[in-house]
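Structure first, commentary second.
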Amino acid sequence: MAPGAEAELSALNPLRALWLTLAAAFLLILLLQLLPPGLLPGCAIFQDLIRYGKTKCGGPPRPAACRAFDVPKRYFSHFYIISVLWNGFLLWCLTQSLFLGAPFPSWLHGLLSILGAAQFQGGELALSAFLVLGFLWLHSVRRLFECLYVSVFSSVMIHIVQYCFGLVYYVLVGLTVLSQVPMDGRNGVVIHCNHRIPFGDWFEYVSSPNYLAELMIYISMAVTFGFHNLTWWLVVTYVFFSQALSAFLSHQFYKSKFVSYPKHRKAFLPFLF
């Protein structure tokens, strides 16, 4: 790993500090709940803030001052409405940036910088962030559907602080995902169109790892279907030879263009072809 990457990984930026603080706070709260009942803090406000829904009913008596800040638990659906809208917007921005080269809005770029977004080279994180953000958005859509059409909410309550925390959480988690995309790779600027010899990871073994990855995707689908599904294995066979041809032609191109092209590097299959 490059020194710059190691420094970035060890840095405690604002987002990391926030998540670390939240993790430590909830760990402390959990440990307090594991104490014998006689030693457990009896503060009504403290207990009211950590309990919601049915656990409020089983907790200590709640003073009227606490009940004044109650909101219905069915407001959980608001969390997922916010998440679908906000994280859908972030996903749209990232999609535009990755595939169309459109820059992020300046205010979003500035916000990510303040939060301590990644500053080092690592373009593979952009695709990872795209997938994670997509899964987060789909998860939010599913949970919103469940809240609206599946879940049956009784008259139980949540504290207004818990409600606000839930709203902020889904905003922060989306920003956290997006912050993993290197800042230098967000705006889709094409530096040049010249070919260069790539190095690192799979490129050390084959000239076109994208073709090898395509084959592996189809093999994984075949395994999912079962080893005896002849039809899909025929599809895999086609993919194998078509990708092998493309990889071979690319390999020949690189060898003809670069005199110093690594001689140990194969076209398609590591160490074989």
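The values are calculated or read from the model by the stated rules, or taken from the named source; none is laboratory data. Computed from a prediction, not measured in an experiment: that's the story for all the values here. Every residue, glycine as well, gets a Cβ built from its backbone with ideal geometry; the counts of neighbours run over all protein chains shown.
So here's what we get for this one:
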quantity: Residue under evaluation H159, criteria (1) in contact with a Leu (Cβ under 8 Å, 6 or more places away or on another chain); (2) within 30 Å of A102 (Cα to Cα), criterion not met; calculated: (2)
quantity: Count of residues meeting criterion [closer than 30 Å to A64 by Cβ and either under 14 Å from the mean Cα position of the chain (by Cα) or modelled with pLDDT under 85 (or both)] in the stretch 121-174; calculated: 9
quantity: Residue among A25, A44, A5 that is under 27 Å from I114 (Cβ atoms) and either at pLDDT below 85 or surrounded by 11 or more Cβ atoms within 10 Å (Cβ to Cβ) (or both); calculated: A5
quantity: Of the criteria (1) surrounded by 14 or more Cβ atoms within 10 Å (Cβ to Cβ); (2) of a type in the set (A, V, I, L, M); (3) under 28 Å from the mean Cα position of the chain (by Cα); (4) modelled with pLDDT under 75, which one L15 fails; calculated: (4)
quantity: In the stretch 203-232, residue farthest from the chain's Cα centre (by Cα) [restricted to those that are buried (at least 16 other Cβ atoms within 10 Å of the Cβ) and in a helix (DSSP H, G or I)]; calculated: W232
quantity: Tally, over the stretch 222-249, of residues that are of a type outside the set (A, V, I, L, M) and at pLDDT 80 or above; calculated: 9
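This table checks each residue for (1) of a type in the set (V, I, T); (2) at pLDDT 85 or above; (3) assigned by the TED database to the domain that holds L148; (4) outside any loop (DSSP other than H, G, I, E, B).
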residue	(1), (2), (3), (4)
P61	no, no, no, no
F79	no, yes, yes, yes
L98	no, yes, yes, yes
F104	no, yes, yes, no
